[in-house]
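Undergrad: Have a look at the structure that comes next, please.
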Amino acid sequence: MASLKALAFGSYSEVKYHPFAGVDREIEGLLAPDLDVISTEDYGLMNPQQLAECSLVVSYTEFSDQPLSAAESGALLSYVAGGGGLLVIHNGISLQRNQELGLMLGAHFTHHPDYTALQMSITAPEHPIMDGISNFVIEDEPYYFEQLPYFATTVLAEYPHGGAMRQAAWCHPFGQGRIVYLMPGHHLPSFSVEPFRRMIRRGGLWAAGLL
């Protein structure tokens, strides 16, 4: 059986904080052989024709002052609502700079304190994404979010920080499609942590409808 196609978006040439180089190979390897991932910074590929060929889109998009174009944003929104999968890793939540995509993600990134060791607690061990994953520690950036009111999502993992439990991973359907967000992934060493690696693989397969 041939692999299904996926597109992964990140930044190679105009990097502020999170270079895609190296991370792209990790994502490609983790989703193989089920998904043949093409990594790119060409957002022109975010169009109905290209997305129609994909079972999954991965966002490791860099924070920027510039949102996606209305055509690109609309294509991604329609793709997911129509049955596509979206896996968003760490800084990939910068899709929120397009208001409509931020609503689709179910939460809004506000800021992050300093990089530190984070104790991840699994909150939905029964979910297919979390099968075989136990509590673990990862050194990463502790992102803070505001969860959107009246938006139903499944929190997969959380961590204590700043006197409260913070969401670290969640998933939900959106129309006929599926969305997964994973907070870790600040830099390449994050992708060597085995439980996180399993979350990426299983999260991508679930979003693509393969789990």
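We did not get these values from a lab; they are worked out from the coordinates using the rules stated. Quick caveat, the model's predicted, so the values are computed rather than measured. Ideal geometry is used to build each Cβ from the backbone, glycine not excepted, and the neighbour counts take in all protein chains shown.
Undergrad: In which sequence would 155, 37 go, from the one with the fewest C-beta neighbours within 10 Å to the one with the most?
TA: Numbers: 155 18, 37 24.
Ordered by Cβ neighbours within 10 Å, fewest first: 155, 37.
Undergrad: What would the Debye equation give as log₁₀ I(q)/I(0) for the stretch 1-116 at q = 0.15, 0.20, 0.22 Å⁻¹, counting only Cα atoms as equal point scatterers?
TA: Per q value, in the given order, log10 I(q)/I(0) is -0.64, -1.14, -1.36.
Undergrad: Still on this model: Residue 42 versus residue 116, label points 7 Å from Cα toward the beta carbon: distance in nm?
TA: A separation of 4.3 nm, rounded to one decimal place.
Undergrad: With the chain treated as a Gaussian network of Cα nodes joined by springs under 10 Å, which of 92, 102, 22 yields the largest mean-square fluctuation?
TA: Taking springs between Cα atoms under 10 Å, the residue moving most is 22.
Undergrad: Would you please give the FRET efficiency between residue 69 and residue 32, computed as 1/(1 + (r/R0)^6) with r the Cβ-Cβ distance and R0 = 25 Å, to the nearest 0.05?
TA: Details: r = 31 Å, r/R0 = 1.22.
Efficiency for this residue pair is about 0.25.
Undergrad: Moving to a separate point now. At a Förster radius of 25 Å, what calculated FRET efficiency corresponds to the Cβ-Cβ distance of residue 194 and residue 166, to the nearest 0.05? List each step's numbers first, then the result.
TA: Numbers: r = 22 Å, r/R0 = 0.88.
Efficiency, rounded to the nearest 0.05: 0.70.
Undergrad: Turning to a different aspect of this structure: What is the order of 159, 115, fewest Cβ neighbours within 10 Å to most? Write down the numbers at each step before the final one.
TA: On the way: 159 23, 115 12.
In increasing order of surrounding Cβ atoms, one gets 115, 159.
Undergrad: Could you please rank 100, 146, placing first whichever residue has the fewest other Cβ atoms within 10 Å of its Cβ?
TA: Numbers: 100 14, 146 9.
Neighbour counts put them in this order, fewest first: 146, 100.
Undergrad: On a full-extension model of 0.36 nm per residue, what is the gain between residue 187 and residue 134, subtracting their alpha-carbon distance, rounded to one decimal in nm?
TA: Values: separation 53, 0.36 × 53 = 19.08 nm, distance 2.20 nm.
Separation in residues times 0.36 nm, less the Cα-Cα distance, equals 16.9 nm.
Undergrad: Would you please give the FRET efficiency between residue 151 and residue 99, computed as 1/(1 + (r/R0)^6) with r the Cβ-Cβ distance and R0 = 22 Å, to the nearest 0.05? Intermediate values should be presented prior to the final figure.
TA: Numbers: r = 14 Å, r/R0 = 0.64.
Rounded to the nearest 0.05, the efficiency is 0.95.
Undergrad: Taking a quarter of the surface of the convex hull around the Cα atoms of the chain, what do you get in nm²?
TA: On the way: hull surface 43.3 nm².
Averaged projected hull area, Cα only: 10.8 nm².
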